[in-house]
Amino acid sequence: MATIKDIAALAGVSRGTVDRVLNNRGAVNPETAEKIREIAKSLDYKPNRAGLVLAAQKKRIKLGVILFSPENPFFQDVLAGVNEKAEELAGYNCSVLVKQISFGVEAQLTAIDELLAAEVNGIALAPYNDERIRNRINELFDLGIPVVTLNTDIENSRRIAYVGSNYARSGATAAGLLKLITCGQDLSSCAPVYIGIITGSSNILCHTERIAGFTETLRPNADKIQIVDIVEVHDDEIESYEKTAALLTEHPEINALYFAAGGVYGGCRAVTVNNAQNRIRIVAYDKVPTTRELVKNGVIAATICQQPRIQGSKPLSLLFAYLTTGELPEKEYNYVAVDIRIRENI
């Protein structure tokens, strides 16, 4: 079995340099780093996982987590997964720092800077979809600080993995559910369906991917099923109530609503205040307590769940494994299961 000493001898560098390259610690000349990686690959070098984890216990690993708004109850379930994993990792001398922020680039950049000031070794991040966040993730990777995205992803970044839903498929699932709920199997005899979409933010990739999957799935049925309008409510219940009420006033023909993000309770409240719950079919996400009650009461026809506790715990597992072994996660995309709930199984 090849060792770091063997790789160092072939590369003509010190064992410390090889260690820094293979474990992404500190700056090494890019040409030298590439040479070391090629030698390690040719020798089929495998780190001693047990030894590395034991070594990790002798030093203090610190992980940071950045989640969206504490007002969104979904992220409280994600946080529960974070806390469960943090308790487990504490036995390996690994601590976890958590920050919850509102939507916005500046808030997220500030949270990242605060975690860096606390000297974290890796970050689990629900990213705002902005070029400045992308560049920051890439800078962190160059500094030897890996990022795992969770719940929502960011394109063309150097994050080492993503944990969350396949949102295009999730949106397609929502479209399929609404078709079944409103038209059944026979669209030819279906009365026209007019859909209003309530989303969080066009700057959150998972929200836009859900809507893209939803609209693409319904495209062949445009003669029967039409999307009337899309409104952004930033996962805020009051904003959702106000904008949903305005949407229903402006478009009284709407007979279906698709909640692509948070703000479900506020939006459904607007439906019930208008006494429209019997004529408007609703599909939403997650089974936070308020959504669960709305499903039980028949206001929401179906909700699609996305295993929030796994979204909280798995990124920390991936970061810890990477920081202790230097090996990238086996899968770049770690999708959680699509779980459909209706009144009978909520």
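The values are calculated or read from the model by the stated rules, or taken from the named source; none is laboratory data. Source: prediction; values computed, not measured. Note that each Cβ is placed from the backbone with ideal geometry, even for glycine, and that neighbours are counted across all protein chains shown.
Listing for the model above:
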{"quantity": "Residues satisfying the stated conditions in region 145-182, i.e. of a type outside the set (S, T, N, Q), more than 27 Å from Gly326 (Cα to Cα) and crowded, with 21+ Cβ neighbours inside 10 Å", "calculated": "Tyr167, Gly171, Ala174, Ala175, Leu178"}
{"quantity": "Extreme residue, modelled with the highest pLDDT, among residues of region 300-324 that are under 28 Å from Asn93 (Cβ atoms) and β-branched (Val, Ile, Thr)", "calculated": "Ile310"}
{"quantity": "Restricting region 159-185 to residues that are of a type in the set (Ser, Thr, Tyr) and within 13 Å of the chain's Cα centre (by Cα), the residue that is farthest from Thr303 (Cα to Cα)", "calculated": "Tyr162"}
{"quantity": "Unique match (being aliphatic (A, V, I, L, M), in contact with a strand residue (DSSP E or B) (Cβ under 9 Å, 6 or more places away or on another chain) and surrounded by fewer than 16 Cβ atoms within 10 Å (Cβ to Cβ)) among Ile280, Ile342", "calculated": "Ile342"}
{"quantity": "Some residue of region 223-234 being in contact (Cβ under 8 Å) with a residue 60 or more places away in the chain and out of contact with any Leu (no Cβ under 7 Å at 6 or more places or on another chain)", "calculated": "yes"}
{"quantity": "Test: residue in region 175-185 that is polar (S, T, N, Q) and outside the structural domain of Thr325 (by TED's automatic domain parsing)", "calculated": "yes"}
{"quantity": "Hits in region 82-118 (condition: within 16 Å of Pro146 (Cα to Cα) and at pLDDT below 95)", "calculated": "Cys94"}
{"quantity": "Residues of region 76-94 satisfying the condition of being among the charged types (D, E, K, R) and either over 15 Å from the mean Cα position of the chain (by Cα) or not assigned by TED's automatic domain parsing to the domain that holds Ile66 (or both)", "calculated": "Glu84, Lys85, Glu87, Glu88"}
{"quantity": "Failed condition for Asp235, given (1) at negative phi; (2) touching a Ser or Thr at 6+ places or on another chain (Cβ under 7 Å); (3) outside any helix (DSSP H, G or I)", "calculated": "(1)"}
{"quantity": "Residue list for region 314-343, restricted to those being in contact (Cβ under 8 Å) with a residue 60 or more places away in the chain and either touching an Asp or Glu at 6+ places or on another chain (Cβ under 6 Å) or part of a loop (DSSP other than H, G, I, E, B) (or both)", "calculated": "Gly326, Glu327, Leu328, Pro329, Lys331, Glu332, Val336, Val338"}
{"quantity": "Meets criteria (modelled with pLDDT under 85 and within 18 Å of Gly164 (Cα to Cα)) for Asn72", "calculated": "yes"}
{"quantity": "Residue in region 118-125 that is closer than 30 Å to Val228 by Cβ, within 18 Å of the chain's Cα centre (by Cα), in contact (Cβ under 8 Å) with a residue 12 or more places away in the chain and not in a loop (DSSP other than H, G, I, E, B) present", "calculated": "no"}
{"quantity": "In region 245-271, the residues that are within 25 Å of the chain's Cα centre (by Cα) and either farther than 16 Å from Gly171 by Cα or hydrophobic (A, V, I, L, M, F, W, C) (or both)", "calculated": "Leu257, Phe259, Ala260, Ala261, Gly263, Val264, Tyr265, Gly266, Gly267, Cys268"}
{"quantity": "Any hit, region 148-164, residues being among the polar types (S, T, N, Q), under 16 Å from Tyr285 (Cα atoms) and not assigned by TED's automatic domain parsing to the domain that holds Val283", "calculated": "yes"}
{"quantity": "Selection within region 39-59 - assigned to a helix (DSSP H, G or I), modelled with pLDDT of 85 or more and more than 15 Å from Gly326 (Cα to Cα)", "calculated": "Ile39, Ser42"}
{"quantity": "Unmet criterion (only one of (1) assigned to a loop (DSSP other than H, G, I, E, B); (2) more than 14 Å from the chain's Cα centre (by Cα); (3) in contact (Cβ under 8 Å) with a residue 40 or more places away in the chain) for Pro70", "calculated": "(3)"}
{"quantity": "Residue pairs meeting the criteria (Cβ under 7 Å; at least 6 apart or on separate chains; first outside the structural domain of Leu125 (by TED's automatic domain parsing), in region 191-210; second among the polar types (S, T, N, Q) and in a helix (DSSP H, G or I))", "calculated": "Val193/Thr182; Ile198/Ser240; Ile198/Thr244; Ser202/Thr208; Arg210/Ser170"}
{"quantity": "Qualifying residue in region 100-112 (condition: free of Cβ contacts under 8 Å to residues at least 12 places away in the same chain, over 18 Å from the mean Cα position of the chain (by Cα), more than 29 Å from Ala33 (Cβ to Cβ) and part of a helix (DSSP H, G or I))", "calculated": "yes"}
{"quantity": "Subset of region 16-27 [at pLDDT below 85 and either more than 34 Å from the chain's Cα centre (by Cα) or assigned to a loop (DSSP other than H, G, I, E, B) (or both)]", "calculated": "Gly16, Asn23, Asn24, Arg25, Gly26, Ala27"}
